[in-house]
Amino acid sequence: MIGYALCGSFCTLADSVEVLGALARAGHEIQPVMSEITYESDTRFFAKEALRSKIRELTGRQIIHTVKDAEPLGPTSPLSAMVIAPCTGNTLAKLANGITDSAVTMAAKAHLRRDRPLLIALASNDAMSQNLGNIGKLLVRKSVYFVPMRQDSPDGKPHSLVADFSRVEECFAAMMAGRQIRPLFC
């Protein structure tokens with residue numbers, strides 16, 4: 001089983017749900033995990049119940065959305081791999097610095113303590129400023145892989161990076177073979 005976590009980059013959730021569906025159709029058994037803010041928020045992009053229903057429909061599973069429910073994903077209910085798509089800058093910083101205060105960070109921490117592969121599809125407005133060092137910290141960590149990313153608006157958001165969601169499946173396969181897809185920045 002693979003874990004598939006979604007964080008609060010609300011404008012990329014449609015792309016993420018599309019990838020989730022593709023992984024499910026490819027035959028992967030998927031345990032969905034959502035950050036608390038994503039699970040609880042109605043946004044201009046999704047009504048929370050519509051998003052939850054779509055994820056449950058695609059995976060056939062209940063969504064983990066609390067720290068307590070995410071903790072067993074390491075020791076008692078291990079995953080073979082995990083994807084965080086989208087991964088916000090906030091979650092990236094927490095992963096890089098060992099902070100575990102959300103369902104997604106707990107799921108990732110529990111998963112990584114068994115040195116199992118984690119794929120990050122970053123979507124952050126501060127990736128090339130405050131979070132650049134955190135990208136570096138995670139790039140050298142065993143079992144952590146990134147989906148190639150690009151600036152989504154170099155003039156309007158000069159520090160922003162967003163993963164190329166169309167490449168998540170390719171990156172997932174590469175990760176399972178122990179390879180990081182390059183170039184990382186497109």
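The values are calculated or read from the model by the stated rules, or taken from the named source; none is laboratory data. Everything numeric in this text was worked out from a predicted model, so none of it was measured. We place every Cβ from the backbone using ideal geometry, glycine too, and count neighbours over all the protein chains shown. Heavy atoms of the whole protein, side chains included, go into the accessibility calculation; ligands, DNA and RNA do not. Shrake-Rupley method; radii C 1.70, N 1.55, O 1.52, S 1.80 Å.
In table form, for the structure just shown:
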{"item": "Criterion: at pLDDT 95 or above and part of a helix (DSSP H, G or I) - qualifying residue of Leu95, Leu119", "result": "Leu95"}
{"item": "Any hit, segment 170-180, residues being without any contact (Cβ under 8 Å) to a residue 40 or more places away in the chain, open to solvent by 10 Å² or more (accessible area, probe 1.4 Å), within 25 Å of Ala26 (Cβ to Cβ) and in contact with a Gly (Cβ under 9 Å, 6 or more places away or on another chain)", "result": "no"}
{"item": "Gly98, sole failed condition from (1) at negative phi; (2) free of Cβ contacts under 8 Å to residues at least 60 places away in the same chain", "result": "(1)"}
{"item": "Any chance Lys137 is more than 16 Å from the chain's Cα centre (by Cα), closer than 21 Å to Arg114 by Cα, touching a residue at least 12 places away in the same chain (Cβ under 8 Å) and exposed (fewer than 13 other Cβ atoms within 10 Å of the Cβ)", "result": "no"}
{"item": "Answer residue from segment 122-144, given it is part of a strand (DSSP E or B) and closer than 20 Å to Phe10 by Cα and is modelled with the lowest pLDDT among those", "result": "Ser124"}
{"item": "Condition met for Ala22 (surrounded by 21 or more Cβ atoms within 10 Å (Cβ to Cβ), at pLDDT 95 or above and within 20 Å of Phe172 (Cα to Cα))", "result": "no"}
{"item": "Complete set of residues in segment 145-167 that are closer than 17 Å to Gly21 by Cα, in contact with an Asp or Glu (Cβ under 7 Å, 6 or more places away or on another chain) and either outside any helix (DSSP H, G or I) or free of Cβ contacts under 8 Å to residues at least 24 places away in the same chain (or both)", "result": "none"}
{"item": "Test result for Ala108, in a helix (DSSP H, G or I), touching a residue at least 60 places away in the same chain (Cβ under 8 Å), under 19 Å from Met82 (Cβ atoms) and in contact with a strand residue (DSSP E or B) (Cβ under 7 Å, 6 or more places away or on another chain)", "result": "yes"}
{"item": "Filtered residue count, segment 18-39, keeping only those that are assigned to a helix (DSSP H, G or I), closer than 25 Å to Ser77 by Cα and charged (D, E, K, R)", "result": "2"}
{"item": "Residue match in segment 73-87 (condition: over 16 Å from Val33 (Cβ atoms), in a loop (DSSP other than H, G, I, E, B) and without any contact (Cβ under 8 Å) to a residue 24 or more places away in the chain)", "result": "no"}
{"item": "Among (1) under 25 Å from Gly74 (Cβ atoms); (2) in a helix (DSSP H, G or I) - the single one Thr12 does not satisfy", "result": "(1)"}
{"item": "Tally of residues being modelled with pLDDT under 95, over 16 Å from the mean Cα position of the chain (by Cα) and surrounded by 19 or more Cβ atoms within 10 Å (Cβ to Cβ) across segment 51-77", "result": "1"}
{"item": "Ser41 vs. criteria open to solvent by less than 60 Å² (accessible area, probe 1.4 Å) and at pLDDT below 95", "result": "yes"}
{"item": "Residue match in segment 168-186 (condition: within 19 Å of Ala93 (Cβ to Cβ) and in a loop (DSSP other than H, G, I, E, B))", "result": "yes"}
